[in-house]
Amino acid sequence: MPAKPIAALKERIGETYRTVEGFGIERGKVAEFARAIHDASDIYFDETAARDAGYETIPAPPTFPRTSYFPRYRPDGVDHSLGFDLGFDRARVVHGEQEYEYTRPLYVGDELVGDTTLEDVYQRDGRNGGTMTFAVLRTEFVDTDGEHVLTASNTRIETAGETAGESK
Amino acid sequence: MTDEFAVGDSYEHTVEDVDRVDFVKYAGASGDFNRIHYDDPYARQAGYDSVFGQGMLTAGVASRTVRQALGLQHLREFRTRFTAKVRPGDDLATTVEVTAVEEGDEGTRVEAAVTVVNQHGEEVVTGTAVAVI
């Protein structure tokens, strides 16, 4: 169970915070990310190849917005909890689902800001007893013209397992 | 209008032997530094047998096949659900299969099912991708 009561968490549904700023899409980071996900397509490395394939310039892979978690893109006081300290035990938190909706591809040279809304918090019984707590966080990313680029929705689950160190 | 896609069209790709070094590279590339993905004593204390891969690493691996199938210019949605853990040494086989092709006001809407299975045939990611062309 989270360190905070579920009723207190539910009260925060609908709150929105700026969680990403100055998220510049850098060529070197796109290449590094493409290698890390085992997609070495030349569109991620070579501007000519990207244009030949019909892109404006080098695009970022669809899941690249995950890199907005780097602290340098976070406003002061915002960490991996995206501004919502839900009292989840981090050792028991798993990533349940991730959804992206795109208005257009993300390109090298873009600079984005993101605002995150706590969309939902709910609990379910775990398969082996205990309680699982789910939180859905939706982040809207816009470019420097204020135009929507993509929306990322992340479902986090605090699993029902015992907390690490509880037996101490 | 495009006649490029038909229901049942299928695209596949397998990445073999995804190991701790891949989890570490993804941590460095993505900024996800949760120790549970690279610190075995920490993972065991949290009740797991070993470290396990970031869900978003598997989603990224799957995105290669989505890109090959649909391209990125027209990609509108990419949804992934993480249904089982990726353990060190797993093979990740992605399949993207076209499930619907419909003409709409904006163009041709192509929906595809995305699955990633490990070497035991266990699904580790299920999801969908949608393109409007």
### Query
Over the protein assembly as shown, what is the percentage of antiparallel beta bridges among all DSSP beta bridges, to the nearest 5?
100 percent
### Query
Tell me, how many Å apart are the Cα centres for the range A:91-150 and for the range A:31-84?
16 Å
### Query
Roughly how big is the protein assembly as shown's charge dipole about its Cα centre, with Cβ charges of +1 (Lys, Arg) and -1 (Asp, Glu), in debye to the nearest 20?
1240 debye
### Charge sum, other residues only, whose C-beta stays under 12 Å from B:Glu97's C-beta, Lys/Arg counted +1 and Asp/Glu -1
-3
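From Cα pairs below 8 angstrom and at least 6 apart in sequence, can you work out the relative contact order of the range B:41-133, rounded to a whole percent?
Normalised by residue count, the contact order of the range B:41-133 is 31 percent.
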### Query
So, with +1 on the Cβ of K and R and -1 on the Cβ of D and E, and no other charges, what is the size of the charge dipole of the range A:1-150 about its Cα centre, to the nearest 20 debye?
800 debye
### Query
Spin-label point model (7 Å from Cα, Cβ direction): what's the A:Asp120 to B:Asp3 distance in nm?
4.2 nm
### Task
Apply 1/(1 + (r/R0)^6) to the Cβ-Cβ distance of B:Ser10 and A:Asn128, taking R0 = 35 Å, and write down the FRET efficiency to the nearest 0.05.
0.45
## Note on the structure
Env charge @ A:Leu112, Cβ radius under 9 Å, K,R +1 / D,E -1, value -4
### Task
Take every residue in peptide B:52-59, count the Cβ atoms of other chains within 10 Å of its Cβ, and give the average of those counts.
4
### Unit charges at the beta carbon, dipole of the protein assembly as shown: most positive-side option, B:Tyr26, A:Val142, B:Ala46
B:Ala46
### Of A:Lys4/B:Lys25; A:Lys29/B:Lys85; B:Lys25/B:Lys85, those spanning more than 29 Å from alpha-carbon to alpha-carbon
A:Lys4/B:Lys25
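Throughout, read-outs are computed from the coordinates displayed, never taken from laboratory work. Not measured: the values here are computed from a predicted model. Quick reminder, even Gly has a Cβ in these numbers, built from the backbone with ideal geometry, and neighbours come from all protein chains shown.
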